[in-house]
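First comes the structure, then the notes that go with it.
The values are calculated or read from the model by the stated rules, or taken from the named source; none is laboratory data. Just so we're clear, the structure is a prediction, and the values are computed from it rather than from any experiment. Positions of Cβ are backbone-derived with ideal geometry, glycine not excepted, and every protein chain shown enters the neighbour counts.
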Amino acid sequence: MPTFPYVEQTSGIARGAPLGPSTINQLHANIEALDDIARMEHFAAGGHNALEVPWILGHMVDGATPTGYLFDTTFGGATLARPATGAYTVNAVSGVVSSDLNSNLLYSAMANVADSAIEAKPHTITVEAVSATSFKFRVRELSSALGAGDTWADVNRNIDVGIHATAQDADATLISSYALKQRREYLTQAATDWNSIVGNQGIVRKAALVEHTSTGAHSANRIAKAVAWARWTGAAQVLDADEGCASISRLSQGVVEITMDGNFSATTTMACFPEVQPATTSELVIINGRGFASGAGTSTFRFYIYAYSGGNWARADRSFFAAMFGVTA
Amino acid sequence: MSYLKLPKTTQDHAVGFQSVNQAIDNNAALLAAFDLRHSIGVGGNSPYGAPTRAVGRHDDILIARTVVDFAVDTSRADPALQVITGGSLLVGGFVDRIAAGEWILHLATAQLFAAVALMKSTASVDRKATCYRTSSPSTGPAIYITTWDRSGGSWAPDDLPFSLVLWTQSP
């Protein structure tokens, strides 16, 4: 792992103050350090290049040929298929695999059944890395009625998926070389002189703006718009910790709705990845969630929690975590 | 501190102190922007602290702290979880097997938020992982992972592979 020089801010220069070589050299060094910071987990052109940021993330709508809304076109273009009941494959485009997903793929994944059917039954989902370029997700549904058994079957459903993979090696820099100043040397219009300061600042800023706002927040849709730790107090669901959420409400036993704070577009597909906290370490629980736009400026995710006991499944109130994704409003 | 696009110069346009000052401000503005959601090391506003986040790493509650891919080493009489790949959260942490299908991940950070686990399978089977987060003064933050299987006709813990996405929060 490379180490980077710490960026020091040079003091402002006053009219009449000497403008020595150290100031100009520090300006160059600062830009170089900023570029190094950026390329630690981003490509030189600006896209993210980190294990923790999914390479592919999106919402898949069930069908003989599933349709998918894959967030961020940079890594979109994957093809989707349903080779069997309840089985869905995501085949990444070759360019993505060779350049981004890494042929020696080490991956991790998130998945969530996001169909209206989760309102009535718990669903499970598993993942298989078929190859370095292909991932298969399998969906199962409780086919028994709630409170009346524990039979499961393959089923076709809409799902949310996120695929992580190891990062690529850091890109080579795009900033140009510069000429360090010596005492008694002057600024010139040479490409390696003052103009390289201006140009290199522009390169670093342009790359940063690809998947960040001008103030530094992330604007990539593969990065969560909101996260929440929803805690069941025994009487109500409360947001213990969150970012991007406006409110939470318990609609009925095991049914919880979280409303976004307006950071989502209300007209686009959304995805979520919840995980429920069991009451004890030996309790089996399942949570499924789905996002939906419920009007201009109002986007919500609704979660359904089920617990297993005595050979049967039933709705249950539990604490849970959720990471929620969507297109910026 | 705002970023202002500067003009390149020609021989007829001298670089004055205003341009130099703006270039300094531009660097500061870019640094501040990176500092918002990335670690810039000493002097930055990293909620995790510089020692556990290398310069340039993401430092954002909206991005997972790390993702880990686990396999089960079945060559041993007492199966063990193998970390196929993982990030910095497990540095200094370790995994214990409590019983069949029951694992505890002791973590090296105090800001544990949550874990999202997904079972791996090469066939259509009934599997589910559950995550129970806890924190003990003596052992620090930990996650109990139970990997459930229904192949025997009823749900029971079993030693099975899974992938994990770990999230942390700002203090």
Filter the stretch A:214-241 down to residues that are under 17 Å from the mean Cα position of the chain (by Cα) and more than 8 Å from chain B (Cβ to nearest Cβ) and give me whichever is farthest from B:Tyr3 (Cα to Cα). A:Ala228
Exactly one of (1) modelled with pLDDT of 90 or more; (2) outside any strand (DSSP E or B); (3) of a type outside the set (Gly, Ala, Ser) is unmet by A:Leu105. Its number? (1)
Determine if the stretch A:229-252 includes at least one residue that is within 30 Å of A:Leu142 (Cα to Cα), without any contact (Cβ under 8 Å) to a residue 24 or more places away in the chain, part of a strand (DSSP E or B) and among the small types (Gly, Ala, Ser). yes
Restricted to the stretch A:50-65, and to residues that are within 16 Å of A:Phe137 (Cβ to Cβ) and among the β-branched types (Val, Ile, Thr), which residue is surrounded by the fewest Cβ atoms within 10 Å (Cβ to Cβ)? A:Thr65
Please tell me if A:Pro66 is within 14 Å of another protein chain (Cβ to nearest Cβ) and modelled with pLDDT of 90 or more. no
What's the number of the only condition in (1) in contact (Cβ under 8 Å) with a residue 24 or more places away in the chain; (2) assigned to a loop (DSSP other than H, G, I, E, B); (3) facing chain B (nearest Cβ under 10 Å); (4) in contact with a Ser or Thr (Cβ under 9 Å, 6 or more places away or on another chain) that A:Ile286 fails to meet? (2)
Residues in the stretch A:202-210: is at least one within 9 Å of another protein chain (Cβ to nearest Cβ) and more than 22 Å from A:Ala38 (Cβ to Cβ)? no
Output the residues belonging to the stretch A:114-127 that are within 12 Å of another protein chain (Cβ to nearest Cβ) and closer than 24 Å to A:Gly147 by Cβ. A:Pro122, A:His123, A:Thr124, A:Ile125
How many residues of the stretch A:242-282 are more than 9 Å from chain B (Cβ to nearest Cβ), under 23 Å from B:Lys128 (Cβ atoms), among the β-branched types (Val, Ile, Thr) and buried (at least 18 other Cβ atoms within 10 Å of the Cβ)? The answer is 2
Can you name every residue in the stretch A:25-35 that is more than 7 Å from chain B (Cβ to nearest Cβ) and more than 23 Å from A:Arg183 (Cβ to Cβ)? A:Ala33, A:Asp35
Which residue, of A:Ala279, A:Ala224, A:Ala314, is among the small types (Gly, Ala, Ser), modelled with pLDDT of 95 or more and outside any strand (DSSP E or B)? A:Ala279
Taking only pairs six or more apart or across chains, which ones have beta-carbon atoms under 6 Å, a first residue in the stretch B:58-79 that is more than 9 Å from every other protein chain (Cβ to nearest Cβ), and a second residue that is buried (at least 24 other Cβ atoms within 10 Å of the Cβ) and polar (S, T, N, Q)? B:Asp59/B:Ser39
On the given criteria, is B:Ser75 more than 30 Å from A:His218 (Cβ to Cβ), part of a loop (DSSP other than H, G, I, E, B) and modelled with pLDDT of 80 or more? yes
Given the structure, is B:Ser124 within 7 Å of chain A (Cβ to nearest Cβ), assigned to a loop (DSSP other than H, G, I, E, B) and either surrounded by 23 or more Cβ atoms within 10 Å (Cβ to Cβ) or modelled with pLDDT under 95 (or both)? yes
Residue within the stretch B:79-86 that is at pLDDT below 80, touching a strand residue (DSSP E or B) at 6+ places or on another chain (Cβ under 9 Å), crowded, with 19+ Cβ neighbours inside 10 Å and closer than 21 Å to A:Glu128 by Cα present: yes
Examine the stretch A:192-201 for a residue that is more than 12 Å from chain B (Cβ to nearest Cβ), part of a loop (DSSP other than H, G, I, E, B) and surrounded by fewer than 21 Cβ atoms within 10 Å (Cβ to Cβ), and state whether such a residue exists. yes
Any residue at all in the stretch A:38-49 that is within 11 Å of another protein chain (Cβ to nearest Cβ), hydrophobic (A, V, I, L, M, F, W, C), surrounded by 20 or more Cβ atoms within 10 Å (Cβ to Cβ) and in a helix (DSSP H, G or I)? yes
